[in-house]
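One structure is given here, and the rest of the page talks about it.
The values are calculated or read from the model by the stated rules, or taken from the named source; none is laboratory data. In this text, all values refer to a predicted model and were calculated from it rather than measured experimentally. Cβ placement follows ideal geometry from the backbone for every residue including glycine, while neighbour counts extend to all protein chains displayed.
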Amino acid sequence: MSTASSARAADLRAGDRKSSAPASASAKKVGAAASWVDERTGIAKGASFMLKKVFPDHWSFMLGEVAMYSMIICLLTGVFLSLWFIPSAGQIPYEGSYLPLKGITMSEAYSSTLGISFDVRGGLLIRQIHHWAALMFVVSLSVHMFRVFFTGAFRKPREINWVIGTMLSMLALIEGFAGYSLPDDLLSGTGLRAAEGFIRSVPIIGSYVSYMMFGGAFPGEAIIPRLYAVHVLLLPAVLIGLFTAHIILVMVHKHTQYSGPGRTNENVVGFPLMPVYTAKAGGFFFLVFGLLSLISALVTINPIWAYGPYDPSPVTAGSQPDWYMGFADGALRLLPGWLEFEIFGFTLSLNVFLGAVLLIPVMYTITGAYPFLERWITGDNREHHILDRPRNVPTRTALGVAAITAYLVLMFAAGNDIIAIRLQMSINDITRAFQVLFFVAPILTFWVTRRICLSLQRHDRDKVLHGRESGTLVRTPDGQYYEVHEELNDYDRWKLVGFESPAPLALPSGKDANGVASKDAKKELRRAKWSKFFFASRVEPVTPAELAAAHHHGEHEAIETPAGAGAHAIKQASQD
Amino acid sequence: MSDPRLPATFENPGLPPHVHRAADTDPRAAKRAERQVAGLFTLSILSTIGFIVSYFAVKNDTEAFIPFIGTTNLLNVLLGVFLALALLGIGFGAVHWAKTLMPDEEVVEERHPIRSDDESRAKAVGLLEAGAESAQLNRRPLLKATAGTALGLFALPLGVQLAGSLGNPTKALDELKSTIWDVKDGKPIRLVRDVERTPIKAADVSIGAVFHVLPETIKESHHVLEDKAKAAVLLMRLHPNDFAADDLGKKAKSWGYEGIVAYSKICTHVGCPVGLYEQQTHHLLCPCHQSTFDVTRDCEVIFGPAKRPLPQLKITVDAEGYLVAPQGFAEPVGPSYWERKK
């Protein structure tokens with residue numbers, strides 16, 4: 001080795017530096033290839049920074065990973081499908097191997113989708129993995145979003161990432177709808193038919209926009225290739241761009257962690273990327289892919305051959321979109337007809353426009369704005385890296401549950417016909433019930449959730465003050481029974497007391513120092529009222545003094561009433 | 001009672017002591033874990049082989065009975081299950097490896113405030129200002145104004161090209177109003193059965209019957225789907241006494257022929273075909289959003305999100321007894337739009 005390198009050194013020109021010798025035996029093994037790359041990219045510095053990066057471990061952190069992997073699986077299987085799919089609405093007679101449709105006139109899009117399902121070996125599997133992965137993508141990113149919301153992970157410094165996530169979620173819906181419409185079967189074509197009606201409902205420009213999008217009268221031959229371009233090029237590019245920004249920001253911020261012993265707002269406790277996190281997260285990709293393959297092998301999804309080609313005249317009962325568009329479809333079923341009216345001789349169909357066009361952007365705008373609204377109310381401008389337990393922020397948790405309730409009411413409303421048939425009930429009654437529930441149910445669940453959160457917090461307090469129930473019953477000499485409570489250790493206790501419970505802002509008078517009602521003072525009053533709404537129902541964490549008092553209380557009882565002291569003390573405690 | 005020596009809140013007790021796993025201390029447990037992981041990887045290898053064998057050995061159209069699932073395509077099941085096992089073997093293997101044999105002692109990394117320090121901020125602002133200054137941005141307002149305008153406008157050509165060429169919207173209002181039922185030469189248009197495209201004799205329509213109908217002009221259409229999307233009609237025969245006694249019922253009856261009435265099949269809500277006819281109640285139901293129309297009262301909306309009744313097609317019979325439409329629809333069919341009344 002030494003002779004070889006000194007021999008080569010002779011060949012160097014002045015000013016050239018010879019490659020540095022590997023630092024250790026193991027580095028030598030990684031060898032020449034890595035050295036070649038590093039000399040041209042300097043990647044080793046960045047790599048060692050990345051490889052020792054720490055990720056906290058919790059099952060709920062894997063939800064975003066599921067979404068990420070589902071998206072990658074969609075991209076991968078999508079490339080496969082694009083090799084056989086023909087994005088054309090041109091009408092041809094079907095010549096494939098599926099006998100029931102032989103000779104029927106259909107679009108090339110539908111015919112080639114039948115080809116993928118019946119004539120391409122393994123094509124059906126790839127198509128089903130693609131569809132299941134798309135559904136999994138939307139499900140997992142929604143649940144990931146719930147996790148981030150309920151734990152307050154959107155707080156400073158992560159507001160931008162919350163907004164990016166919101167956009168990803170909305171684009172995922174549109175991407176899904178575009179892909180769902182491509183096979184041009186009867187069901188998806190009916191969906192497009194409705195979509196054309198949605199666009200027409202836009203005031204002033206609706207009819208023109210519809211003609212531009214469809215390249216003339218519905219259905220036309222333009223929409224399938226256009227949706228294809230949107231589905232395979234435009235939206236995936238935007239999704240990947242936003243997703244990359246999302247991940248980079250996670251790196252920059254370092255991952256949040258749950259409160260626990262040793263975990264503070266100034267550190268991250270977890271496993272390094274190499275090797276533990278690589279093995280777990282990398283292995284998890286294969287688990288998600290494997291699970292999707294298994295489902296796709298065993299459960300048929302979107303059997304387009306059973307629906308037939310699109311034709312504007314026939315329709316099937318129980319027409320429904322994929323689940324993630326259900327809430328918008330449900331809104332359309334609930335909005336009453338009287339919302340359509342005439343204004344200066346023009347027709348305004350709010351019964352369609354509100355549910356089909358406005359609902360999605362409005363819903364996502366409110367979602368995206370939430371971190372900023374909450375920050376305005378709380379006035380909290382600190383960085384937060386420790387996650388909230390949902391029970392410890394009752395109002396936020398209740399707001400989230402109320403929003404999900406409203407969403408679910410709309411989603412179930414999209415199945416009002418199925419519910420009516422399955423439960424043998426009147427569809428009219430069901431629809432009216434959903435109309436009422438849309439307004440009433442969120443209020444109810446808000447209230448119930450807040451009460452549950454407060455109860456759970458009180459339970460936590462009890463546990464800290466009086467210990468956990470050990471399950472051991474003790475009989476005293478004079479025949480009384482009591483259950484022994486075990487005091488929590490420092491680590492377990494910290495999980496229950498390591499949080500803040502701020503008091504609401506004091507209500508100002510709404511007047512400035514001179515007793516005059518000014519704009520600023522009114523704003524302060526408004527803010528204080530919101531602060532009261534947000535923080536008024538609260539339970540404070542146990543303080544060391546309270547714990548000492550609880551201990552003292554128990555001992556005190558024991559001294560004063562020698563017989564049956566323990567039982568009495570416990571009884572007292574549970575009444576507190 | 002509170003002790004002044006106690007802190008106001010609890011203090012973070014720090015990381016709990018580490019508990020070792022079986023494989024950390026017992027070499028036999030570690031060996032067992034190694035075998036389990038290797039077993040999972042082997043499962044993956046075998047399944048990959050299984051996938052390739054099935055791909056070549058099983059026919060495309062072989063059906064097989066799978067318990068709990070029913071009769072299904074065998075190739076799809078075999079490929080999917082083998083692919084799943086090949087992937088799950090790697091996944092479970094890697095995770096099990098990480099959980100049993102890789103270090104499980106947590107590592108602590110410090111966080112630093114996200115914000116840059118004041119010095120870096122000042123430097124960045126200074127660089128920006130110096131750059132703007134050296135480019136003479138503020139000293140030359142003419143450059144600022146023209147550059148700004150040019151940048152603001154440069155996307156316009158692309159936008160115009162896109163919007164201008166997507167589709168010609170000038171025909172939109174005329175086309176939304178017209179259907180191929182519109183009579184051109186004064187000759188009434190025959191009603192034909194959808195699919196078969198044969199004309200319908202009034203005598204063939206018994207009470208309670210429903211026909212899916214298109215205009216005979218569909219045979220000459222060059223845009224079959226587009227024309228069908230507006231011209232689809234539903235034809236029903238009611239007993240003349242079934243119509244409501246009010247004005248609506250009378251109008252419906254007078255535009256029909258001996259209780260036979262024809263209505264646009266395109267829902268006035270968002271355009272789905274109103275395909276479900278309830279013979280007993282004479283209600284038409286749209287399967288998409290459940291708008292319900294009452295045929296006895298000129299297809300007025302009696303439930304659901306639609307506002308307007310389905311447009312009626314006036315019909316009569318010609319000399320040979322076939323049903324014909326002497327005129328097109330009196331109003332635009334299908335979903336509402338801004339200029340509908342214009």
Query raised in the report: Which residue pairs have Cβ atoms under 9 Å apart, sit 6 or more places apart or on different chains, and have a first residue in region B:99-114 that is over 9 Å from B:Asp24 (Cα atoms) and touching a residue at least 12 places away in the same chain (Cβ under 8 Å) and a second that is among the small types (Gly, Ala, Ser) and part of a strand (DSSP E or B)?
Result: B:Glu106/A:Gly270; B:Val108/A:Gly270
**Report entry** Given (1) surrounded by fewer than 21 Cβ atoms within 10 Å (Cβ to Cβ); (2) out of contact with any Phe, Trp or Tyr (no Cβ under 8 Å at 6 or more places or on another chain); (3) among the hydrophobic types (A, V, I, L, M, F, W, C), index of the condition A:Val315 fails
**Finding:** (1)
Query - Filtered residue count, region A:118-147, keeping only those that are more than 26 Å from B:Val53 (Cα to Cα) and either modelled with pLDDT under 95 or of a type in the set (Val, Ile, Thr) (or both) - result: 3
Report task. Scan region A:482-505 and report the pairs whose first residue is in a helix (DSSP H, G or I) and buried (at least 18 other Cβ atoms within 10 Å of the Cβ) and whose second residue is modelled with pLDDT under 90 and basic (Lys, Arg), with Cβ atoms within less than 7 Å and a gap of 6+ or a chain change. Result -> none
Report task. Would you check if A:Ala153 is part of a helix (DSSP H, G or I) and of a type in the set (Gly, Ala, Ser)? Result -> no
Query raised in the report: Restricting the search to region B:42-81, which residues are more than 7 Å from chain A (Cβ to nearest Cβ) and in a strand (DSSP E or B)?
Result: B:Glu63, B:Ala64, B:Phe65, B:Ile66, B:Gly70, B:Thr71, B:Thr72
Report task. With the checklist (1) under 28 Å from the mean Cα position of the chain (by Cα); (2) surrounded by fewer than 22 Cβ atoms within 10 Å (Cβ to Cβ); (3) in a helix (DSSP H, G or I); (4) of a type outside the set (Asp, Glu) in hand, flag the one item B:Val195 doesn't pass. Result -> (3)
Query raised in the report: Taking region B:181-202, which residues are more than 15 Å from B:Ala262 (Cα to Cα) and aliphatic (A, V, I, L, M)?
Result: B:Val183, B:Val195
Query raised in the report: Does B:Gly271 count as surrounded by fewer than 24 Cβ atoms within 10 Å (Cβ to Cβ), facing chain A (nearest Cβ under 7 Å), of a type in the set (Gly, Ala, Ser) and in contact with a Cys (Cβ under 9 Å, 6 or more places away or on another chain)?
Result: no
Report task. Report, by residue number, each residue of region B:91-121 that is part of a helix (DSSP H, G or I), buried (at least 17 other Cβ atoms within 10 Å of the Cβ) and more than 9 Å from chain A (Cβ to nearest Cβ). Result -> B:Thr100
Query raised in the report: Can you name the number of the only condition in (1) on the phi < 0 side of the Ramachandran plot; (2) facing chain B (nearest Cβ under 8 Å) that A:Gly318 fails?
Result: (1)
Report task. Filter region A:385-432 for residues that are surrounded by fewer than 17 Cβ atoms within 10 Å (Cβ to Cβ) and small (Gly, Ala, Ser) and give the result. Result -> A:Ser426
Query raised in the report: Within region A:342-375, how many residues turn out to be in contact with a Lys or Arg (Cβ under 9 Å, 6 or more places away or on another chain) and loosely packed, with under 13 Cβ neighbours inside 10 Å?
Result: 2
Query raised in the report: Before we move on, is A:Ile92 assigned to a loop (DSSP other than H, G, I, E, B), among the β-branched types (Val, Ile, Thr) and touching a Ser or Thr at 6+ places or on another chain (Cβ under 7 Å)?
Result: no
Requested in this report: For region B:283-296, indicate whether the set of residues that are crowded, with 24+ Cβ neighbours inside 10 Å, out of contact with any Cys (no Cβ under 8 Å at 6 or more places or on another chain) and on the phi > 0 side of the Ramachandran plot is non-empty.
Outcome: no
Requested in this report: Please go through region B:198-239 and pick out each residue that is closer than 17 Å to B:Tyr322 by Cβ, without any contact (Cβ under 8 Å) to a residue 24 or more places away in the chain and within 12 Å of chain A (Cβ to nearest Cβ).
Outcome: B:Leu214
Query raised in the report: Would a scan of region B:16-32 turn up a residue that is more than 9 Å from chain A (Cβ to nearest Cβ), crowded, with 18+ Cβ neighbours inside 10 Å and not polar (S, T, N, Q)?
Result: yes
Query raised in the report: What tally of residues in region A:306-324 results from selecting those that are closer than 14 Å to B:Leu285 by Cα and modelled with pLDDT of 85 or more?
Result: 1
Query - Hits in region A:258-315 (condition: more than 7 Å from every other protein chain (Cβ to nearest Cβ) and of a type in the set (Gly, Ala, Ser)) - result: A:Ser259, A:Gly260, A:Ala281, A:Ala306, A:Gly308
Requested in this report: Residue by residue through region A:230-256, note down the ones that are within 30 Å of B:Ala172 (Cβ to Cβ) and free of Cβ contacts under 8 Å to residues at least 24 places away in the same chain.
Outcome: A:Leu233, A:Leu234
Query raised in the report: For the subset of region A:338-383 comprising residues that are free of Cβ contacts under 8 Å to residues at least 24 places away in the same chain and acidic (Asp, Glu), which member is farthest from A:Arg193 (Cα to Cα)?
Result: A:Glu342
